[in-house]
Structure formats: structure tokens, C-alpha cells
Amino acid sequence: LGLHPADWTNFLASVGAVLLTFLAGTEIDPVSLRQNIKTTFSIGFMSFLLPFLGATAYTYWVAHWAWPAALIAGIALSTTSVAVVYAVMVETGLNKTPLGKAILTACFITDLGTVIALGLCFASYNAYLVLFLMVFAAVLIWVPRGFGRVVDRIGGRVNEVEVKVLLFLLFGLGALATLASSEAVLPAYGIGLGVAGVLHRQKLLVTRLRTMAFAFLTPFYFLKAGLYVSLPTVVGGAGLITLLLGVKVAAKFIGVKPLTWLFGFTPREGNYMTLLMSTGLTFGTISALFGLNHGQIDQEQYTILATVVILSAIIPTLVAQAFFRPAIPDEASCSAEEQPVTSNVLD
């Protein structure tokens, strides 16, 4: 149709991507992450590594993409979707079970791998990068307690100082990352994890941030991402799209399924976890859009990757829910059923 995003749309889309990445980081429970670090790190790391290597190798050696384009493909198809998995966990009540917590924290490790890979593969190694890493490290050290003190002392007021502090950190580090020829969304994930412990106690603040992100900003991001998708390319590249989706899911099963058996999950739980780890959406589209904006891939390659990412958010989730959804213990089920009732009463 010849439609192109305007400058203000690009700005709002960029802000939406940063907030979406930040919120993904806040979904992780630091306590659960520490308690299950061996299991979740092993599963999450292999969930990133094998799809990254498999998709990169396939697009480079078989599809004959250029090396930078193949790297973008590997990064985009190695992701999981914390947003999709979290929604499924909450809807089913599994977020209150050890299995659900393990899946969520493993998703975090996987996406952390994609964030690091995107930064390492395409950053410009110069003085600006050193400055960015130094400031980022200082912020990560400060935010777990420093932001908590901000919320305790001046939070909850009409002027929303705590939100302004978060936006200052996100935009400031995003600007430094851009100056280092990296991506503004990369530090947002780390900040999200840093403040996760605080935000888990500040439900109202989280609700406000989600409302701002999902109701207003992220639609512009997905609108921008969708404008670059070419429908004729989707039709013409259906074969490659199917093959890349197969490469991603197969690599996830090779990397994750044996570990679920090793760490004592039942076959049904292992299949369920592996399928949910095969999903992708936010970081997949962000990585593909990064490659397009920086000239690493063309519009046709972007269309193929974006379509595979969207399909991976739908198909593995449907299969997991239809055939491998595990039984929920009575206490988790009761807790999940009682939660909305309590919330409605308080409202």
C-alpha cells in the first residue's frame, strides 16, 4: 500500500518497545530465579543456544543469506515470548506452581541470551560502548535498593515521581546504547529485572505502567512492525517460513526436552515446557526490526522472520494447551479461582 510510519509514530513505537522490554524483565520473580538457578539456567541457555545456532546455520548455508542477516535470523528465532507464556501461566493458574515458575524463569534466561547476543554481534566497540557499560553496571547495582527507597519515600503521589525515575533511567540508558550503535531496548530488560523485586510489592504501580504501555504505546510498535510486512512475500516465501518454523521448534526440542527429563519433569510436563519455550513474539520482532532498521536484512527477509515469529507465538501455544497441559494441584487451582473474586471485592 506504500504506507510508511511518520516520525512521531517511530518515536512512540520506540518508546513502546523499550517499555515492553522493561515490563518483560519485571515479570521474573528474583526469589524463584535464585532458588531454581541450576534448572532454569540450563534449560533457558540451551533454549537460546541451539535455535540460535540452528537458524543461523540454516539461513546462511541453506537459504544463502548474508552472514549479518543470518545472525539476525538466529537471534530472532532463538527467543521465547515472556508475554505469551506469562498470559498462559496466569490464565491456567500454573504461575503459582513450581512448573510455572520454572518455565517463566527459564524464558527469562533465554531472552537474556538473545539480548546479549544482539548487543555482542552488532555493537560498535568504541569509547561510547565502554561508557554505556560502565553506566549500565552502576545503574544495575543501584536500582534494586535505590529505586525501592524512592518508592517508599516519595511514591504514590499525584506527580508519579517513581514513574519519572524509571523513564529517566530507561531513556538515559537507551540514549547511551544508541550512541554506542546498539539498541535502546537492550538495557531495559536488565533494569526490569533489577526493579522486579520492588514492583512485585507495588501492584498498583505495575498496573499503571502496563496500562501506559499496552493501551497506548505498544500498539504503535506493532503497527510499525506490521507496516514492513509484505503479503506477497508471505505467500511466495511460505515454504521458507514453514522450514524456519520447523528449525526453531526442532532445535528447542533438541535443546530443552532432554534437560526436562534430566531435572525430573514428567514427559507431559517436559513436552509442555518445551512447546512454551518454543514461542516467540516481542524480542523476535524487536530483533528483526533492528536488523531492518540497521540495514542487516531487507524487507523480504524481515517479512519472513516476522511471520515465523508470529506463527511461533500461536502454534506451539495451541498444541501445548490442547495436548500437554498438566494437571494443576488443588491448592494452586483454588488460589487461581479465588484471586479474581478477591480483586473484585476490593475494587
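The values are calculated or read from the model by the stated rules, or taken from the named source; none is laboratory data. It should be emphasised that the depicted structure is a prediction, and the values quoted were computed from it without experimental measurement. Cβ: placed from backbone, ideal geometry, glycine included. Neighbour counts: every protein chain shown. Surface areas here come from the heavy atoms of the whole protein model, side chains and all, with no ligands, DNA or RNA. Shrake-Rupley method; radii C 1.70, N 1.55, O 1.52, S 1.80 Å.
At q = 0.12, 0.17, 0.21 Å⁻¹, what is the log10 ratio I(q)/I(0) for the range 153-266, with the Debye formula run over Cα points and no solvent? Debye curve over Cα of the range 153-266, log10 I(q)/I(0) at q = 0.12, 0.17, 0.21 Å⁻¹: -0.79, -1.05, -1.13. Spread over its residues, the convex hull of the C-alpha atoms of the chain is 146 Å³ per residue. For the chain, the carbon plus sulfur part of the accessible surface works out to 67%, probe radius 1.4 Å. Cα centroids of the range 255-282 and the range 1-80: 18 Å apart.
Taking a straight line from the alpha carbon of LYS38, these lysines sit under 30 Å away, with near neighbours fewer than eight places off in the same chain left out: LYS96, LYS101, LYS203, LYS248, LYS252, LYS257.
Its Cα centre serving as origin, the range 5-150 has a Cβ charge dipole (Lys and Arg +1, Asp and Glu -1) of approximately 460 debye. Between the beta carbons of THR242 and TRP61, assuming R0 = 22 Å, the FRET efficiency works out to 0.75 to the nearest 0.05. Model label points for GLU91 and PHE171, set 7 angstrom from Cα along the Cα-to-Cβ axis, are 3.5 nm apart.
Mind grabbing the base-10 log of I(q)/I(0) for the range 63-205 at q = 0.10, 0.12 Å⁻¹? Debye formula, identical points on the C-alpha positions, no solvent, two decimal places. The Debye formula, applied to the Cα set alone, gives -0.44, -0.62. Excluding ligands, DNA and RNA, the accessible surface per residue across the range 170-212 is 38 Å² with a 1.4 Å probe. Projecting the alpha carbon convex hull of the range 1-108 along each direction and taking the average yields 9.6 nm².
Packing order of peptides 262-270, 100-108, highest average first: 100-108, 262-270 (average count of other Cβ atoms within 10 Å over each peptide's residues).
Taking each residue as 0.36 nm, the span from PHE11 to VAL161 lengthens on full extension beyond its C-alpha to C-alpha distance by 51.7 nm.
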